[in-house]
Structure formats: structure tokens, C-alpha cells
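These notes concern the structure reproduced below.
The values are calculated or read from the model by the stated rules, or taken from the named source; none is laboratory data. Please read all numbers here as calculations on a predicted model, not as lab measurements. Counting neighbours? That spans all protein chains shown, and the Cβs are built from the backbone with ideal geometry, glycine included. Heavy atoms of the whole protein, side chains included, go into the accessibility calculation; ligands, DNA and RNA do not. Shrake-Rupley method; radii C 1.70, N 1.55, O 1.52, S 1.80 Å.
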Amino acid sequence: AQTVTQSQPEMSVQEAETVTLSCTYDTSESDYYLFWYKQPPSRQMILVIRQEAYKQQNATENRFSVNFQKAAKSFSLKISDSQLGDAAMYFCAYAGNQFYFGTGTSLTVIP
Amino acid sequence: GAVVSQHPSRVICKSGTSVKIECRSLDFQATTMFWYRQFPKQSLMLMATSNEGSKATYEQGVEKDKFLINHASLTLSTLTVTSAHPEDSSFYICSARSILRQAVDTEAFFGQGTRLTVV
């Protein structure tokens, strides 16, 4: 099975500042996608951003962007202009034939 | 985005009984559905991958006879926790991939989750 690792169990950021969440993965597959999901207290999983492994260009979605380093198997999420509503658990996910999640990072936004 | 409905959202059952959780894709056909278990403040642990019309693929360490998965149609997968015990109490989440997109190039859409409590 593929493994997805998030080395930061908890992170905090000041409102309006920028924060970067780390994610590394291990795979032998050549074709896969990577995702960042947000899970608020409601437990509903919300897609934040996706990255196709075959694309070199980093994905961006409004205030969210990724730094995808395929050779290093690294996939970090940058949140700019952090808002109080960004506070949640963030999960990095690997999608090949199966769909695996990282260990999660709890993000706190400080007003 | 596509909608996945999971039912029930909460269930309490007695030890030794079985509980069935349904996962339905409401506005798309799903060839693949995933079942996860999530403990408090922990990640989603993949239990099994369910493909329509075939046997589910279970992750290592997941008891096939305890967690029965059926994916009989392109819009419905069920997880049955058989002879439930208190240690089976957890949050269970399903997700589904659309048939319209092939292989890995699609996000998975998630159900709302089921909180199972075995007393």
C-alpha cells in the first residue's frame, strides 16, 4: 500500500498570514493524483485542491496553492491570507488505484 | 460537485448485533467506492475498496468476515458490521468515484459519515 505522511500534527497561523502544510508520499505507481482535503468539525470532507502527477505546473485555487515536487514525492499546501474559516483538519490524499489519506494536520487560525 | 449520501448518520446498537451502513451516489454512477474508518482526531484509514459487481478488496488487517461490503449497483454500496462489539465503535465514511472519469483522474466524493456506537 502507498503511504502518505504529514509531519505536522498541528499548525497555527495568524489571520491574514500565510501557512504551509507538508505532505510526503511513497509510491511505485506512475499515474496518480494528489489532493488536499479539509475536514471541519462537521466531519464532512471538502476538496481543497488537486494535482495531476503528470503535470509539472503547480495547482492553484484562489488562496490555496501547492508545491509539487514529484522526484522528492512531496506535496505541500500553501494557504495565503488565512481566514478564520480555514481552521480545520487538513488531509493530504494519494489517489492511484486506491485512495489513501495522510495522518492529518490540525490548523488553528489566530484572530 | 457530485452528491454521496450515507445513511444512517448515527446508530447505536447492542453488542453482538449487526449494523448495515448504506452509501449512495445520488447524481452519478460510481464504479468504485471506498470505505474508511476514522477514530477521533485521527486520519481516515482505508478499510476496503469496493468495485461494482465484484468482490471488495480489503486492506491488510481488516477482517473480511466482520466488515461485509456489497456493491451491487453503480449507485449503492453497503458496509455491514457483523456481530458488532464496543471496539467497533467509530466513525465510518464512504466515498465514491464517478464512472464518467477513468481510473485515477477523479476526486472521490464523500458521504456525511456514520457514527457507530456499540453498547
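A few points about this structure:
- By the Stokes-Einstein formula, at 1.002 mPa s and 20 °C, region A:27-72 with its Kirkwood radius over alpha-carbon pairs has D equal to 180 µm²/s.
- Chain A: C-alpha pair distances exceeding 16 Å, %: 55 percent
- Any cysteine of chain B lacking a neighbouring Cys Cβ under 4.7 Å - listed by number: B:CYS13
- In terms of overall dimensions, region B:1-69 has a Cα radius of gyration and Dmax of 13.3, 38 angstrom.
- Radius 15 Å from Cβ of B:SER9, net charge of other residues (Lys, Arg +1; Asp, Glu -1): +4
- When the surface is traced with a 1.4 Å probe over the full set of protein chains, B:HIS85 keeps roughly 70 Å² accessible.
- Using a probe of 1.4 Å on the protein chains alone, the accessible area found for B:ARG24 is around 100 Å².
- A:THR5 long-range amide H proximity, modeled H, under 5 Å: A:THR24, A:TYR25
- When the surface is traced with a 1.4 Å probe over the full set of protein chains, A:LYS70 keeps roughly 90 Å² accessible.
- Whole-angstrom Cα spans of chain B along principal axes, big to small: 41, 25, 24
- For the protein assembly as shown, the alpha-carbon radius of gyration amounts to 1.01 times the rule-of-thumb value 2.2 N^0.38 Å expected for a compact globular protein.
- The distance between label points at A:LEU47 and B:GLU63 comes to 3.6 nm (points 7 Å beyond Cα on the Cα→Cβ vector).
- The H on the amide N of A:GLU15, modeled in the peptide plane, is under 5 Å from the matching H of A:ILE110, each at least 5 residues off or on a different chain.
- Of the peptides B:38-48, A:30-40, A:88-98, the order by per-residue mean of other Cβ atoms within 10 Å, starting with the highest, comes out as A:88-98, A:30-40, B:38-48.
- Computed from the C-beta positions of A:GLN56 and B:SER54, the FRET efficiency with R₀ = 41 Å rounds to 0.70.
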